[in-house]
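To start, the structure under review is shown below, and the notes come after it.
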Amino acid sequence: MGRVRGVGGIFFKSENPEALRAWYAKHLGIASEGEHGTMFRWDQPESPSKDNFTAWCIFPASTTYFGKSQSSLMVNYVVDDLHAVLDALRKEGVWVDTKVEEYDYGKFGWIMDPDGNRIELWEPLPKKETK
């Protein structure tokens, strides 16, 4: 019998949930329906559903991957154009890490929300055709 099949949601606490909801709506376009949050559809026409996944990983407490964030949580959001999003966020006054990493499966950048939570932004690269 299988156990977990995927991630059903991401939850974290905030000292000022209304202000943080407003920040996410303004800067990342994640509109919240009050305390119930939002639901993301998991269909992507450009790729078969078997290729869509959500990563879930436990890092050691000593990891430096979360940068200067003191939070024990980091969320990864998929974006279509990483550099354009990072540029727009910089112009809006959002803290953006100067580091961008590129791998054969995508580009990664990081920002910080007002509560000090590090956020990873990921632009997946198109799948290479196999012959």
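The values are calculated or read from the model by the stated rules, or taken from the named source; none is laboratory data. All of these numbers come straight from a predicted model, not from anything done at the bench. Cβ: placed from backbone, ideal geometry, glycine included. Neighbour counts: every protein chain shown.
Any residue at all in the range 30-39 that's modelled with pLDDT of 85 or more and either among the aromatic types (Phe, Trp, Tyr) or farther than 14 Å from Asp113 by Cβ (or both)? Yes - at least one qualifying residue is present in the range 30-39. For the range 23-37, the set of residues classified as exposed (fewer than 13 other Cβ atoms within 10 Å of the Cβ) and not in a helix (DSSP H, G or I) consists of Gly29, Ala31, Glu33, listed by residue number.
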